[in-house]
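> Please see the structure below; I have some questions.
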2 protein chains.
Amino acid sequence: MSKSSFLIQPNPDTPGLSQPVEGVNETGMPVTLPVVTEKPITLFLNQQEIVTTMSLGDWVAELAVGYFLNQNMLKRNDEITGIEFDDDLGVVIVRTAHETDFEAKMKRKIRTSGCAEGTAYGDMMERFDEIKLNKNACFKASWLIELSKAINTAPSLYLSAGAIHGCVLCQQDRPLVYMEDIGRHNAVDKIAGWMFLNKATPHDKVFYTTGRLTTEMVIKTVQMQIPVLVSRSGFTAAAVDLAREAGLTLIGRAKGKRFIALSGIGRIVFDSADAADVIESPSHQRAVQRDER
Amino acid sequence: MSKSSFLIQPNPDTPGLSQPVEGVNETGMPVTLPVVTEKPITLFLNQQEIVTTMSLGDWVAELAVGYFLNQNMLKRNDEITGIEFDDDLGVVIVRTAHETDFEAKMKRKIRTSGCAEGTAYGDMMERFDEIKLNKNACFKASWLIELSKAINTAPSLYLSAGAIHGCVLCQQDRPLVYMEDIGRHNAVDKIAGWMFLNKATPHDKVFYTTGRLTTEMVIKTVQMQIPVLVSRSGFTAAAVDLAREAGLTLIGRAKGKRFIALSGIGRIVFDSADAADVIESPSHQRAVQRDER
């Protein structure tokens, strides 16, 4: 998979995303290493301050739009008239043609699990039952091998500094848009915002995440109308239940050729027949488990 | 380190914490595996509904008290007169001798990063500058080896089902209280609640977490007045800055004998002199990086 196959991929050299930090190692020797940034970004929808999120600080317009969409504060047919960002204040303002009052929505705040945040869970679920995911979408097991390879070898803050999540919008075996952030809830919102702003079709896409599959991730993927959600990490029982309810294809513990599909299996083509040949050493098994935090 | 050295440790066989889930693997073969539960728990402080969090669902009294403490909604000298839990509704009510109105606090909600949640960041920071951590506390590098061994080999949902975080309150080389949850913000709150309800002294303790060291984790550890915070995962630059400001000993990437100390180095005794002998293979290096999500 050539580097150019991504439409958007991380640029770990972007100034401000990481910085050298000095410490000492276990022997007391000084070490300097690249460490990711974490800064507050406050999101406004028109006049209304909605939330402040701790973020990597890139793709802020996409982050804001995606957050509002995934919280059902912004509808798919809403018209965005402007997006302003004040870098010094860390403030993003999304302006729409029609103003809305979210005070009622803000009264009930719920904190979700995993790498999650203070989201209005009740509101997130509002449209959940109405959404019909594309039944004709398919996902080939062999694509996953290509996707994992391309994503895992692409230069990223994850590889250079660590301590970060990645979310990737994919089409068949091609990773299209790879966004990173401290919390995966931000990375997924950036993808949602990018899709909205670029009028991307969700029905033939695959959503890949490095993070665990919790209810929040399932809800957001369904809201985004993407029929397939894949993670290299594990999953919760409630996330599996929700995925089955929505008819979402849910794939977890995707490592190399291996994966476990929990829901929407009818979309999967099991074409990596030699998958069972993959040698899984005890240390690999341990690494897989370790990664499932 | 014998099993009995823990005061509290995970019991992965507790009914309801995990359940068998059926899926298929990459070859289309059916598999059944244990998967952690994730359910909504709503926290009330007296008459006031504060938040609903997606949780593993155990140690709910500790979770509620710890959440209120870490949000500065409950003060260290507040008197708790009762804690009720309705399992069917998933509601915990913490009652105090003196009622308080948190409406003002609820107006400004901030979502924090990493495995975080909708917390009132401004409020969390309220007491931050006033807290003086114990300067005389010490932390020996050799303790970390014992702690890691005891924590990593203790039976846990992490080992049996994965997809979960752990936080451990430790004293010297002894892990005392090991709590797990889907989000590490919940696991840390459970520890805070346990400490309050059991009048545990923070000044000689060490806080160990499997999760990344974000600003939220630093703030909560300082609020808990624990002078040493250790993680097997990575850290953000902002977390390092906050730890330095508070004089917190911050240790990240703790694996075997290895670690990187970023702050409060004056408390550390570098007594694992042969630490540099640890062989770190490329695959180990990769596993370490993988874990830093």
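Read the figures in this text as sums done on the coordinates, not as results from a lab. Everything numeric here is computed off the predicted structure, so don't read it as measured data. Cβ atoms come from the backbone with ideal geometry, glycine included; neighbour counts cover every protein chain shown.
> Please list 3J(HN,Hα) in residue order for the range B:184-199, calculated via the Karplus relation 6.51 cos²θ - 1.76 cosθ + 1.60 where θ = phi - 60°; whole Hz, with x for glycine and proline.
Karplus values, whole Hz, x for Gly and Pro: 5, 4, 6, 4, 5, 5, 4, 5, 4, x, 4, 4, 5, 5, 10, 6.
> Can you tell me how the range A:114-262 classifies by the Cα gyration tensor, rounded, prolate or oblate, using a/c under 1.5 as the rounded cut? Before the final figure, lay out each step's value.
On the way: a/c = 1.37, a/b = 1.20, b/c = 1.14.
It is rounded, given that a/c, with a ≥ b ≥ c, falls under 1.5.
> P(r) for the range B:206-277, please, calculated from all Cα pair distances in 10 Å bins and given in %.
Per 10 Å bin, starting at 0, the Cα pair percentages come out as 22, 57, 19, 2.
> Another question, if that's okay. Mind checking B:15-24 for the average number of partner chain beta-carbons within 10 Å of each residue's beta-carbon?
Numbers: counts 0, 0, 1, 2, 4, 1, 10, 3, 12, 8.
Taking all residues of B:15-24 together, the mean is 4.
> What is the distance, in nm, between label points placed 7 Å from the Cα along the Cα-to-Cβ direction at A:Asn136 and at A:Asn11?
Roughly 3.9 nm, to one decimal.
> Moving on. Averaged across B:150-162, how many Cβ atoms of other chains sit within 10 Å of each residue's Cβ atom?
Numbers: counts 0, 0, 2, 0, 0, 0, 0, 0, 5, 2, 1, 6, 12.
For this peptide, the per-residue mean of nearby foreign Cβ atoms is 2.
> What is the dipole size for the range B:12-99, taken about its Cα centre, with +1 at each Lys and Arg Cβ and -1 at each Asp and Glu Cβ, in debye to the nearest 20? Walk me through the intermediate numbers first.
Working: 4 positive and 14 negative charges, 62 e Å.
That gives a dipole near 300 debye.
> Provide the per-residue ³J(HN,Hα) series for the range A:31-39, in order, calculated from phi with Karplus coefficients 6.51, -1.76, 1.60 and θ = phi - 60°, each as a whole number of Hz, with x at glycine and proline positions.
9, 10, 9, x, 10, 5, 7, 8, 9
> Can you give the extra length, in nm with one decimal, that the chain gains between B:Lys149 and B:Leu197 once fully stretched, where that is 0.36 nm per residue apart less the Cα-Cα distance?
On the way: separation 48, 0.36 × 48 = 17.28 nm, distance 2.79 nm.
Net length gain for the segment: 14.5 nm.
> Further question on the same structure: Just to compare against my own numbers: the Cα pair-distance distribution for the range B:4-103, 5 Å bins, whole % per bin, please.
2, 11, 19, 17, 14, 12, 9, 6, 4, 3, 2, 1, 0
> Once the piece of chain linking B:Asp241 and B:Asp271 is laid out straight, how much longer is it, given 0.36 nm per residue of separation minus the C-alpha distance between them?
Working: separation 30, 0.36 × 30 = 10.80 nm, distance 2.61 nm.
Going from the current span to full extension adds 8.2 nm.
> Would you tell me the mean number of C-beta atoms belonging to other protein chains that fall within 10 Å of each C-beta in A:36-42, as a whole number?
On the way: counts 9, 3, 16, 5, 7, 0, 1.
For peptide A:36-42, the averaged partner shielding equals 6.
> May I ask you to sort A:Thr249, B:Thr42, A:Thr201 by Cβ crowding, counting other Cβ atoms within 10 Å and putting the fewest first?
A:Thr201, B:Thr42, A:Thr249
> Amide H to amide H, which residues 5 or more places from B:Val35 or on other chains are under 5 Å from it, using H placed in the peptide plane?
Answer set, sorted by chain and number: B:Gln19, B:Val21.
> Sticking with this structure for a sec: Is the range B:6-58 best put as rounded, prolate or oblate by its Cα gyration tensor, with a ≥ b ≥ c the root eigenvalues, rounded for a/c under 1.5, and otherwise prolate when a/b is larger than b/c, oblate when not?
Working: a/c = 4.55, a/b = 1.90, b/c = 2.40.
Judged from the Cα gyration tensor, the range B:6-58 comes out oblate (a/c at least 1.5, b/c at or above a/b).
> For each pair in A:Lys199/A:Lys255; A:Lys257/B:Lys255; A:Lys39/B:Lys75; A:Lys149/A:Lys205, compute the distance between the two Cα atoms and list the pairs where it is over 26 Å. Could you put the intermediate results ahead of the total?
Values: A:Lys199/A:Lys255 31 Å; A:Lys257/B:Lys255 28 Å; A:Lys39/B:Lys75 28 Å; A:Lys149/A:Lys205 18 Å.
The answer is A:Lys199/A:Lys255; A:Lys257/B:Lys255; A:Lys39/B:Lys75.
> Run through the DSSP bridge list for the range B:183-261 and note the antiparallel percent, rounded to the nearest 5.
Numbers: 3 of 11 bridges.
Around 25 percent of the beta bridges assigned by DSSP in the range B:183-261 are antiparallel ones.
> Show the residues, 5+ positions off or on another chain, whose built amide H is closer than 5 Å to the amide H of A:Gly234.
HN-HN under 5 Å from A:Gly234: A:Leu213, A:Arg253, B:Ala163.
> Considering only DSSP states other than H, G, I, E and B, which trypsin sites (Lys or Arg not before Pro) in the range A:217-249 qualify as loop sites with at most 14 other Cβ atoms within 10 Å? Before the final figure, lay out each step's value.
Values: sites: A:Lys220, A:Arg232, A:Arg244; in loops: A:Arg232.
Of the trypsin sites (Lys or Arg not before Pro), not one in the loops of the range A:217-249 has a Cβ with at most 14 other Cβ atoms within 10 Å.
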